[in-house]
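Q: Take a look at this one; I'll ask things after.
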Amino acid sequence: NYIQAEMWYQKIADSFVEEYPLSLFYLARAQMSLEKYTEAKENLGKFKKAAKAVKDPMFKKLMKTDLLSCDYAISLKDSANTAVVEHLDTSINQPHIEFSPIMVNENTLIYGSLKDNGVNYYNVALHDSMKIPLRKFYIAKKEGEEWVSKGEYSGPFNKENVHVGNGVLSEDGNKIYFTLCQKNWQNKMICELYYSEKNNGEWQESVKMNDQINMPNYTTTQPAIGRESKKNQEVLYFVSDRPGGKGGMDIWYSEYHARKKIYKAPRNSGSRINSVGTEFTPYYDISTHKLYFSSDGKVGIGGLDVYSAEGEKSRWEDPINLKKSINSPADDIDFTLSSNHKGGFLVSNREGGVALLNPTCCDDICE
């Protein structure tokens, strides 16, 4: 809720800025998401002076990037849109979040969703004794020009007390990697990667990936499948907050060893992809050798923007911002392309979706 965020950060910055200098940083970020780039630049300038009291160097680096982002966004103001982006209708997009669109073919879509029709409140302390809505996999079919939800996706995916989503299909469609998330003993949400393979057209029981991929007590999520150019081996890209990264959530990769039938120890995808901010939702287009991903730590329009970078593993060209209207002042994630490269999907909380509490409350799937 960027409007409310701006108001409250402004109140804190006006009265308690010496105690809470970060209020200026977050105020500027809220203003960027409201396309108030001139005001955001002004508050970032104020934060630059107040930032001496902030010990974490991450914020000073992000401040410099955000100043460049304000100028970049202003420069794009009168530029043409790079694509036509439309929200899917209410058969798919419901009042809460939709995410992780996975194209099975031109007429079949798997996606993640939290289905809960209204504004409901749950006492999380009673989680074990009450039923709280969970993120699950659903399936949709294209009927004419419209996508129509066909209910929960069958298979060993949706489980009790576990959030499910963020999947990717192998090239032949016979293997799916996906994420299961639940809170650990420290009440931290931990996500882990699983896979399932098809046998006689049926998904088999899911298998948890090894502890090198799923590092204990750290999140591993949002898989993407690529191939490396020398031996044409499969490369699994994913997002994790494990040690050794460049910032918060980073994109990592693990190369498949065909002879040993194992995934090698994960490596970081490098500083051209990863920043001191957050990197999210990788998607690898094998035909063009490009990685598409979202980041809030690079020069962009606001929130999480979608970028593309040609390369593989940890060797990349400089990422390119996909500009308007793939990107908006809000968060734009889960970019995927159709097989003919003439369209695809995107997840965003930009205005125009199925709003619940405010116009930018919830992620919807766009086409």
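The values are calculated or read from the model by the stated rules, or taken from the named source; none is laboratory data. Quick caveat, the model's predicted, so the values are computed rather than measured. All Cβ positions, even for glycine, are placed from backbone atoms using ideal geometry, and neighbour counts span all protein chains on display. When the accessible area is computed, the model is the full protein with side chains, heavy atoms only, and any ligands, DNA or RNA have been set aside. Shrake-Rupley method; radii C 1.70, N 1.55, O 1.52, S 1.80 Å.
Q: Just the residues that are aliphatic (A, V, I, L, M), touching a Phe, Trp or Tyr at 6+ places or on another chain (Cβ under 7 Å) and either closer than 16 Å to residue 351 by Cβ or not in a loop (DSSP other than H, G, I, E, B) (or both), please, taken from region 86-101.
A: Residue satisfying the conditions is 88 alone.
Q: Condition (residue is open to solvent by less than 30 Å² (accessible area, probe 1.4 Å) and within 30 Å of residue 163 (Cβ to Cβ)) applied to region 64-81: is it met by at least one residue?
A: Scanning region 64-81 turns up no residue that is open to solvent by less than 30 Å² (accessible area, probe 1.4 Å) and within 30 Å of residue 163 (Cβ to Cβ).
Q: Condition (residue is in contact with a His (Cβ under 9 Å, 6 or more places away or on another chain), among the polar types (S, T, N, Q) and open to solvent by 40 Å² or more (accessible area, probe 1.4 Å)) applied to region 200-214: is it met by at least one residue?
A: No; the residues of region 200-214 include none that is in contact with a His (Cβ under 9 Å, 6 or more places away or on another chain), among the polar types (S, T, N, Q) and open to solvent by 40 Å² or more (accessible area, probe 1.4 Å).
Q: Being more than 22 Å from the chain's Cα centre (by Cα), at pLDDT below 95 and either farther than 30 Å from residue 310 by Cα or not in a loop (DSSP other than H, G, I, E, B) (or both) narrows it down to one of 186, 182, so name that one.
A: Result of the check over 186, 182: 186.
Q: Restricting to region 317-348, name every residue that is over 19 Å from residue 105 (Cβ atoms), part of a loop (DSSP other than H, G, I, E, B) and free of Cβ contacts under 8 Å to residues at least 40 places away in the same chain.
A: If the condition is that a residue be over 19 Å from residue 105 (Cβ atoms), part of a loop (DSSP other than H, G, I, E, B) and free of Cβ contacts under 8 Å to residues at least 40 places away in the same chain, then 327, 328, 331 are the ones that fit.
Q: For region 277-296, what are the residues that are touching a residue at least 40 places away in the same chain (Cβ under 8 Å), open to solvent by less than 30 Å² (accessible area, probe 1.4 Å) and closer than 24 Å to residue 178 by Cβ?
A: Hits for region 277-296 are 279, 281, 282, 284, 285, 291, 292, 293, 294.
Q: Given the conditions (1) open to solvent by less than 40 Å² (accessible area, probe 1.4 Å); (2) more than 30 Å from residue 230 (Cβ to Cβ); (3) modelled with pLDDT of 95 or more, which single one is not true for residue 299?
A: Unmet for residue 299, out of (1) open to solvent by less than 40 Å² (accessible area, probe 1.4 Å); (2) more than 30 Å from residue 230 (Cβ to Cβ); (3) modelled with pLDDT of 95 or more: (1).
Q: What's the number of the condition residue 262 fails, among (1) closer than 24 Å to residue 242 by Cβ; (2) buried (at least 16 other Cβ atoms within 10 Å of the Cβ); (3) of a type in the set (Val, Ile, Thr)?
A: If we test residue 262 against (1) closer than 24 Å to residue 242 by Cβ; (2) buried (at least 16 other Cβ atoms within 10 Å of the Cβ); (3) of a type in the set (Val, Ile, Thr), just (2) comes out false.
Q: Please go through region 144-188 and give me each residue that is out of contact with any His (no Cβ under 9 Å at 6 or more places or on another chain), open to solvent by less than 20 Å² (accessible area, probe 1.4 Å) and of a type in the set (A, V, I, L, M), ordered by number.
A: Hits for region 144-188 are 162, 164, 176.
Q: Out of all the residues in region 91-99, is one or more among the β-branched types (Val, Ile, Thr), modelled with pLDDT under 95 and open to solvent by less than 20 Å² (accessible area, probe 1.4 Å)?
A: Applying the first criterion (among the β-branched types (Val, Ile, Thr)) to region 91-99 yields 92, 97.
Right, trim to modelled with pLDDT under 95 and you get 92, 97.
This time we only want the ones that are open to solvent by less than 20 Å² (accessible area, probe 1.4 Å), so: 92.
Scanning region 91-99, I find at least one residue that is among the β-branched types (Val, Ile, Thr), modelled with pLDDT under 95 and open to solvent by less than 20 Å² (accessible area, probe 1.4 Å), so the answer is yes.
Q: Suppose we filter 155, 118 for residues that are out of contact with any Gly (no Cβ under 6 Å at 6 or more places or on another chain), at pLDDT below 95, in a loop (DSSP other than H, G, I, E, B) and on the phi > 0 side of the Ramachandran plot; which single one remains?
A: 155
Q: It is to be established whether one or more residues within region 69-90 are among the aromatic types (Phe, Trp, Tyr) and either farther than 30 Å from residue 137 by Cα or more than 23 Å from the chain's Cα centre (by Cα) (or both).
A: There is at least one residue in region 69-90 that is among the aromatic types (Phe, Trp, Tyr) and either farther than 30 Å from residue 137 by Cα or more than 23 Å from the chain's Cα centre (by Cα) (or both).
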